[in-house]
Amino acid sequence: MKTGGAEHGRGARRLTVAGLRAVPLALRQDLLSPSAPRPRGEQQGWLVWRPALAVPLLLLAVFLLVGGTVEYSRRFHLGMEIGVVLAGVQAGALVAAMYRPLPAWWTTTAVTVVAALWAEPRVDPDALYPWSGVGVAVTAGVLLFVALTHRPRVAVETLVISLVAGLLCAILHTRPHNSPSAGLAAVSFSIAVVVGAALRGRRVARTQLVVQEELTAEERARRTLLEERNRIARELHDVVAHHMSVISIQAQVAPHLVENPSEELKENLAGIRQNAVEALTELRRVLGVLRSEDPAAEGVRHAPQPSLDRLDDLVANVRAAGLAVTTDIVGTRRALSPGVELSAFRIVQEALSNAMRHAPGAAVRVVVAYQRAGLVVRVGNTAPDRPVAPSPGAGHGLLGMRERTAMLGGELAAGVTPDGGYEVTATLPLNPLPPKGSP
């Protein structure tokens, strides 16, 4: 038991010694290092207010210069020239604190110590000592700037050192002094540090909140993008799976359509069918992973993918919801690739949904133009007939339309029309481009 107690005592002493040794290093890093790291956004709000404070602070500095000169020359009996120099340095330190708070604090602290020790033998007995009235005001102002721009630990360190420096001057006296400035300085300095730290904490909290909101918006946009890409991937996987199934069935039936097929033909068709079956199995496995995170996907797993043949049904549903929609088909309707059909249908669907949410009471016109080189889908609406509440958050909207159009190598244009409405135009090529990086 004694051995354990002795070990515990030695461990406590080692910790105490290590802590005492760390104090000078921490003070040097906090008060002397010009490149000490600061939290993100610590000075952003302060920099905004600094130009507005320049003129009032200069006027205050002139007033303190005059008052300090009178105090140091008449009450401290240091002479007019020395009084002007000391008061000028302190007033200048207060202005410099807007830009370099710590050097300004070191300066005003040094002036306080030098003036107190120099004038101690001849200062008036009823004068404020060791801090003059102007010295208290200047030091409190500088400490306020330090607390506004530095961590609370740095502000507390400067507060303690300021008080200790003044108390040491009061202790090293050669005759009794009337020293009410010690209590006045302690209260003034403490209030300045508390107010500055509170304002800085509020500013940093607001800055961090803005940063967090930006990160949240970016994360929401990224999540929306991933969700839309997963949705597109599920739909296109279904399209590809359909074609692979057709290839497999055709390869199985082909030998029965030819009289006396050769063994090479049977072997090649069997290989084609085997590869198609294996590819279809892998596609279904990937599709199952994509759909596993979608609780609604299980109910529509085997539903056919929509195409422009269902455009009339889509428009009818929107009209039933109260939106006035007209449709125009330009050119000769013809069969398109499943990817183009699906993307065109989804773009029209999303554009109509946006019109219902953001343009109540507006008239909507859907144009599907079959051109030689591609398909043009245009959905436009007039201005809404009543105010619309802002959207509560980011949705798929234009993001999904752009993803689908870019996937096919097409172009999408969206924007406000001159009459206050909105229009979305998507141009989809008939032969979709392969994805970037594909062979």
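The values are calculated or read from the model by the stated rules, or taken from the named source; none is laboratory data. Worth saying up front: this structure is predicted, and the values here are computed from it rather than measured. All Cβ positions, glycine included, derive from the backbone under ideal geometry; neighbour counts span all protein chains shown. Side chains are part of the model used for accessible areas, which takes the heavy atoms of the whole protein and leaves out ligands, DNA and RNA. Shrake-Rupley method; radii C 1.70, N 1.55, O 1.52, S 1.80 Å.
Okay, residues lined up against (1) at pLDDT 80 or above; (2) surrounded by 13 or more Cβ atoms within 10 Å (Cβ to Cβ):
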position	(1), (2)
R285	no, no
D328	yes, no
A362	yes, yes
V367	yes, yes
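When the stretch 248-266 is filtered for residues that are closer than 16 Å to A276 by Cα and either in contact with a His (Cβ under 9 Å, 6 or more places away or on another chain) or loosely packed, with under 13 Cβ neighbours inside 10 Å (or both), the ones remaining, listed by number, are I249, V253.
Looking across the stretch 112-124 at every residue that is open to solvent by 20 Å² or more (accessible area, probe 1.4 Å) and part of a helix (DSSP H, G or I), the one that is farthest from I161 (Cα to Cα) is identified as W118. Considered as a group, the residues in the stretch 93-106 that are farther than 14 Å from L64 by Cβ and of a type outside the set (S, T, Y) include one that is most open to solvent (accessible area, probe 1.4 Å), and that residue is R100. A Cβ distance below 7 Å, combined with a sequence gap of six or more or placement on separate chains, defines the contacts here; from the stretch 296-325, residues that are under 21 Å from G380 (Cβ atoms) and part of a loop (DSSP other than H, G, I, E, B) reach residues that are at pLDDT below 85 and not small (G, A, S) in the pairs A321/M356; L323/M356.
Checking R357 against (1) buried (at least 19 other Cβ atoms within 10 Å of the Cβ); (2) of a type outside the set (D, E); (3) assigned to a helix (DSSP H, G or I), only one condition comes out false. Which one? For R357, the failing item is (1). Pairs meeting the criteria (first residue in the stretch 187-213 and closer than 19 Å to R153 by Cβ, second residue surrounded by fewer than 19 Cβ atoms within 10 Å (Cβ to Cβ) and of a type in the set (A, V, I, L, M), beta carbons under 8 Å, at least 6 apart or on different chains) are F189/L163; V193/V156.
Look at (1) open to solvent by less than 50 Å² (accessible area, probe 1.4 Å); (2) more than 17 Å from Q90 (Cβ to Cβ) and you find that V187 fails only one, number (1).
Can you find, within the stretch 214-228, the residue that is farthest from G400 (Cα to Cα) among those that are over 8 Å from the mean Cα position of the chain (by Cα) and without any contact (Cβ under 8 Å) to a residue 24 or more places away in the chain? Among them, the one singled out is E219.
Which residue is nearest to W105 (Cα to Cα), if the candidates are limited to the stretch 131-140 and must be part of a helix (DSSP H, G or I) and touching a residue at least 60 places away in the same chain (Cβ under 8 Å)? So that I can check it myself, show each step before the final result.
The first filter runs over the stretch 131-140 and keeps only residues part of a helix (DSSP H, G or I), leaving 133-140.
Now restrict to residues that are touching a residue at least 60 places away in the same chain (Cβ under 8 Å): 133-135, 137-138.
Details: G133: 17, V134: 14, G135: 12, A137: 12, V138: 9 Å.
Of everything passing the filter in the stretch 131-140, V138 is nearest to W105 (Cα to Cα).
Could you identify the single residue in R122, R74 that is within 21 Å of L184 (Cβ to Cβ) and not hydrophobic (A, V, I, L, M, F, W, C)? The match here is R74. Going by the structure shown, is T109 closer than 30 Å to R200 by Cα and either modelled with pLDDT under 85 or open to solvent by less than 30 Å² (accessible area, probe 1.4 Å) (or both)? The answer is yes for T109.
The condition (being aliphatic (A, V, I, L, M), modelled with pLDDT under 80 and surrounded by 13 or more Cβ atoms within 10 Å (Cβ to Cβ)) is satisfied by just one residue among L226, L236, L199, L215: L236.
Name every residue in the stretch 30-88 that is at pLDDT below 80 and out of contact with any helix residue (DSSP H, G or I) (no Cβ under 9 Å at 6 or more places or on another chain), in order of residue number. Matches in the stretch 30-88: S33, S35, P37, L47, V48, W49, R50, P51, A52, L53.
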